[in-house]
């Protein structure tokens, strides 16, 4: 399907809003906005707009509404489900938020920061650090992703266990509605029970209900003590028992609990510079335990030592190390965060981002492992992730020596089986990456019609002209 | 306006769903469902239905939709804004949730509990305790209020600082829609990014979008150490400085921070059995500091001692005591929780439930105090509350010897002034009590038209027949 060009006159009217310089039409200039991380979708667009302000976005959406022009908001373009790139063969206009990158305010006493949508996540983390606070949202792409995208996709990451995902870290929003009207919901209040929760409706809506242009974000005190341990164990069931013990002993101080398989540690040691197995002997499974507390550095140290001691005595853990320095802590986290990248040199990888109730992870994994091994003998299961949140990146590397494309061609079949098991375990087929284009049709299949219907009613109520990021989350049309 | 009776034939059809025994029409039987705590509104109803199951509620709403019958869901009937009682002079049918009081499941490993809407909050707390967990939602009416109402009003209370309000403690919902369709959103997942956030739309909607019939609630580990301190200080500004210090030193272990004025302690000591001023000397202001941690009993003790030591050295605190036993901890909390009741014997009380950004509390209080004192010379300001959340119950007791009714007649004038100041401080006119009937018209006045319009669009999309709790949150009609 070829790109339907927009009339030149309409392009000129959009360009007049941002200024010519920030209205890109040249193929090489728009190309970076059309590529998505998985390489599955290939977007097309006649125009990329780079507005500088909420006011310009309001004008753009007003014009888009009047002319029925589809608009695709885009932040750092790091999404995994193609929610941020325009549809292939359509004439969607890309609305880049990257010039709205001002931090409007930092309030350390109120523990909040007001940031525009285009602020890069790492910049917000730095601004928090500068006033001795922590903005806890943290994920692999934090040097590139933007807070508007993080909120629109309700991003998760490695600190969800203690601090929640993007949703829990947001107090208020400024949103431009499809009509161009601006909703100023930039509230700085922890408690405000005055009507329907519009904020949480825009969060996670993947830009289909409006464009988030700014947000009030929560900060927390920086912990006085921070410890990271790495432990080898026999089984996923033991990992669950250690998680339960850690929750009990550390409570809110348990700020991370990640699961890794032996094969993941091998892949990372083999392919990622600077990564090596921190333990002397081999173990089938590993957990990374992150503890931080405002009490004191000693309190954190005592807490993690006591926890490991108890887990060793109960023979839940076979061996463990505690990072002795900030550098060692970063190294352990680096290994965990490189697991995705480390799979690449091993050939094709079929990926799933699923969650199940935490207590059911071992049973889910056992069943899924059996099913995929039966489908593809020799498949190398590299399932890892945020165990404390029930969120497993159930990734499969191709058998050694297999044909990569033939393996990847099984993606849909394998996903159908894995997601079927996930559903029997009352799980989610998208724990943190969202729906976008990739899982849109599957969502429609697995959810009760009433749920899809309620979503469609909301979509229609907010965007009757259907111009906001059409074809994402929900199918277009009636 | 007289009650418009429902046709006897229609009453019989509703009664056939619940059984005659649970369809109340007798004036004395329905009376308790019509009284609200403030005594401002006087509901009327031709019928109170007490269904036993989600299925029965589905049938009731299907019939109500077909016949255009207004339905008012009611839990423990403890709400402060008359959201739960039927309109005066209308023929709203009351739908009592109290027979849906089963705890469906308790999962200590998954840290969750599945409870039906009619479960009394204290019963849920007990069920959590029985498996060595804490359900942190805690408020004065916990022995009566029901979880369905807590969720529908997004209840706050005394543990919001560390654990959030009802919204943050809910993972999933079961909701009967106005059409009678059932949305099974009883998910047990911490992470699930699959479409629009319907859950948070129903939470806080005060029963205007559907009837919450069950919920998956989060549990947390029970703390190993728990300490409560009571400190006397010079000013609200010093209280803020102590809060900031406590946040820094205790982090997530700071589980409560309540502000009380001298007059509140006097009222409570005077009128509430068993309450006495815990300090030897008088102070203008007091704070109650609650610390709990999973680390150990000693860690909590050390934390609160170090905090008070530092606050005393910095002369932010003049004097302080730490509760020496569980009994003393309960006694300190009892004093705080009795402040509302303690105002009654002092005559008329004009109440506000407001929030402002935490850092602006001192300036807000100074301005509000000046304004109300100018309006009513001799007014006794008893402003107290959840300082750590920015939530102040800005209550005013009548001047000594003044005429009670004449004082209460100023409610609207005084509220207009106080809420005006709240808004200039970017605050909320309803921090935790909701909108109901009491603040409905004020909400429409103070919010931008686009925000009210978005709420109306949602209301219409979910409840096109307008049968769900009409006249609450939003005005009825187009």
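The values are calculated or read from the model by the stated rules, or taken from the named source; none is laboratory data. Just so it is clear, the structure is predicted and the values come from calculations on it, not from any experiment. Glycine gets a Cβ as well: all are built from the backbone with ideal geometry, and neighbour counts include every protein chain shown.
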Original post:
From the list A:426, A:453, which residue is within 14 Å of chain B (Cβ to nearest Cβ), outside any helix (DSSP H, G or I) and surrounded by fewer than 18 Cβ atoms within 10 Å (Cβ to Cβ)?
Top reply: A:426
Subject >> Leading residue by the ranking (farthest from residue B:134 (Cα to Cα)) among those in segment B:187-222 that are at the interface with another protein chain (Cβ under 9 Å from one of its Cβ atoms), surrounded by fewer than 24 Cβ atoms within 10 Å (Cβ to Cβ) and touching a residue at least 60 places away in the same chain (Cβ under 8 Å) >> reply: B:201
Original post:
Quick check: is even one residue across segment A:430-445 more than 25 Å from residue A:87 (Cα to Cα), part of a helix (DSSP H, G or I) and without any contact (Cβ under 8 Å) to a residue 24 or more places away in the chain?
Top reply: no
**OP:** Sort out which residues of segment B:456-473 are part of a loop (DSSP other than H, G, I, E, B) and more than 22 Å from residue B:352 (Cβ to Cβ), and write them in order of number.
**Re:** B:463, B:464, B:465, B:466, B:467, B:469, B:470, B:471
Subject >> Whichever residue in segment A:387-410 is more than 19 Å from the chain's Cα centre (by Cα) and buried (at least 22 other Cβ atoms within 10 Å of the Cβ) and, among such residues, is farthest from residue A:360 (Cα to Cα) >> reply: A:398
Original post:
So which residues in segment A:352-371 are at the interface with chain B (Cβ under 9 Å from one of its Cβ atoms) and in a helix (DSSP H, G or I), if there are any at all?
Top reply: A:358, A:359, A:360
**OP:** Using the structure shown, decide if residue B:278 is over 30 Å from residue B:458 (Cβ atoms), within 14 Å of chain A (Cβ to nearest Cβ) and not in a helix (DSSP H, G or I).
**Re:** no
Subject >> Hits in segment B:143-162 (condition: buried (at least 20 other Cβ atoms within 10 Å of the Cβ), over 18 Å from residue A:192 (Cα atoms) and either without any contact (Cβ under 8 Å) to a residue 24 or more places away in the chain or touching a helix residue (DSSP H, G or I) at 6+ places or on another chain (Cβ under 8 Å) (or both)) >> reply: B:145, B:146, B:147
Original post:
Quick one: is residue A:413 away from chain B (no Cβ under 12 Å), surrounded by fewer than 24 Cβ atoms within 10 Å (Cβ to Cβ) and under 30 Å from residue A:362 (Cβ atoms)?
Top reply: yes
Original post:
Is there a residue being more than 7 Å from every other protein chain (Cβ to nearest Cβ) and without any contact (Cβ under 8 Å) to a residue 24 or more places away in the chain anywhere in segment A:224-245?
Top reply: no
**OP:** Mind checking which helices (runs of 4 or more DSSP H) fall wholly inside segment B:294-343 and carry at least 3 residues that are more than 27 Å from residue B:133 (Cα to Cα) and in contact with a strand residue (DSSP E or B) (Cβ under 9 Å, 6 or more places away or on another chain)?
**Re:** B:297-313, B:339-342
Subject >> Among (1) in contact with a strand residue (DSSP E or B) (Cβ under 6 Å, 6 or more places away or on another chain); (2) within 9 Å of another protein chain (Cβ to nearest Cβ); (3) buried (at least 21 other Cβ atoms within 10 Å of the Cβ) - the single one residue B:459 does not satisfy >> reply: (1)
Original post:
surrounded by fewer than 23 Cβ atoms within 10 Å (Cβ to Cβ), within 14 Å of another protein chain (Cβ to nearest Cβ) and in contact (Cβ under 8 Å) with a residue 12 or more places away in the chain, is that true of residue B:377?
Top reply: no
Subject >> segment B:352-363, subset within 22 Å of the chain's Cα centre (by Cα) and modelled with pLDDT of 95 or more, residue nearest to residue B:415 (Cα to Cα) >> reply: B:352
**OP:** Taking the residues in segment A:89-111 that are at pLDDT 95 or above and within 26 Å of residue A:351 (Cβ to Cβ) as candidates, determine which candidate is surrounded by the most Cβ atoms within 10 Å (Cβ to Cβ).
**Re:** A:92
Original post:
Where in segment B:1-109 are there helices (runs of 4 or more DSSP H), lying wholly inside it, with at least 3 residues that are in contact with a strand residue (DSSP E or B) (Cβ under 9 Å, 6 or more places away or on another chain)?
Top reply: B:8-18, B:54-67
